Amino acid sequence: MFWLLRRSTEPSVTSVECYWRKPTLAKVGSSLKAAKLNELFKNVPPVASHNNSFLKKLLEKGLENKSKGILFEYYKTEENAIDKVSLYHLINKFVRNSSIITAENFIQYCQQEMNDQPCKEILNQTKDQSNTGTWFEIRYARITASKFYEAAQSTTYDGCLVESILGAAKFKSTKAMKRGLSLDDKVLKVVARKKLIKVEKVGIFVDKRYPIFGASPDAVNAEFCIEIKCPSKESTLKQYLNDGVIGKKPFAQIQLQMLLSGRKKGLFCVASPNFEVNKDVSIVEVELDIFFCCKKQLCFGKKLSSQN
């Protein structure tokens, strides 16, 4: 809107400016002894009265269309589930209402603001995951399970990891990723049949106790949290699962998924690179390791403290 206003005040592209014309102010002291202000600015249009009609219309339309612009944060009268869980909204409210801005204070603020009901609503609203805008908003600025290990290990504060968490990094879907997405449901059916269980797709889990983290497992049931990997090469498969041992990064991923989803067990499932032919899936049962999760969170917490 403001860009449009600025562009509308620019001169026409067909207008011609005389470069030899001397400004009136430059004549003072030579051909002119003095100049009055009203003589220098003859064509200034009168200033319209400030009745706030433009602001009212802008707010009316913005709130009606649920705009997420920062301006509308100051005029909201009601909060929905997204407002209470989204880190974007929470950090804006925190900065406005807090005198001491630190990472620890922000986390405490989030723990006070978030509660179980909006977290459950968000879980239901994001069942379609990347097909919903809410899924992206809730993930924004959160350490998701797939980045849990990297966040604990990283020693830089402005690298590609931070950019990807904030959505600043460009994301390109590879052929292997597209294959994985197309196989997820088929692999899940094989897992359900092998383990004799019923599973359901879910959205993103968030928890007021760990407000800066989020997790989107491929499926859950009452007992298990399920994560599926569909590597297209044998070399990639070994990064996930090597001689029955889960790799460090995916192990951290499923641990955070279990923690946030409230499950004590998980199924880490790796499809064969030749799954389309052999339908083979390796399934490893994992137990929640609270000590491991706390250790990784502590590593990340120390980094936050050092930045205050």
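At-a-glance table
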read-out: Extension gain, residue 37 back to residue 56 (0.36 nm per residue minus Cα-Cα distance, nm); value: 3.4 nm
read-out: Which listed pairs, of 84/198; 93/264; 194/238; 208/229; 93/172; 201/279, have C-alpha distances above 26 Å, in listed order; value: 84/198; 93/264; 208/229; 93/172
read-out: Extension gain (nm, one decimal) between residue 193 and residue 264, 0.36 nm per residue minus Cα-Cα; value: 23.4 nm
read-out: Straight-distance crosslink candidates among aspartates and glutamates, where the alpha carbon sits under 17 Å from residue 76 and sequence neighbours closer than 8 are dropped; value: 60, 64, 113
read-out: Aspartates and glutamates with Cα under 16 Å of residue 296, excluding same-chain neighbours fewer than 8 positions away; value: 150
read-out: Distant-in-sequence amide H partners of residue 229 (H built 1.01 Å from N, under 5 Å); value: 269, 270, 271
read-out: FRET E, pair residue 74, residue 155, Förster distance 25 Å, beta-carbon r, rounded to 0.05; value: 0.10
read-out: Full-extension gain in nm, residue 128 to residue 223, via 0.36 nm per residue minus C-alpha separation; value: 32.0 nm
read-out: For peptides 264-270, 173-179, 286-292, 221-227, sequence by mean Cβ density within 10 Å, most packed first; value: 264-270, 221-227, 286-292, 173-179
read-out: FRET efficiency, 1/(1 + (r/R0)^6) with R0 35 Å, evaluated for residue 102 and residue 201 via beta carbons; value: 0.40
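None of the figures in this text is laboratory data; all of them are computed from the coordinates on show. All values derive from a computational prediction rather than experimental measurement. Neighbour counts run over all protein chains shown; Cβ positions are idealised from the backbone, glycine included.
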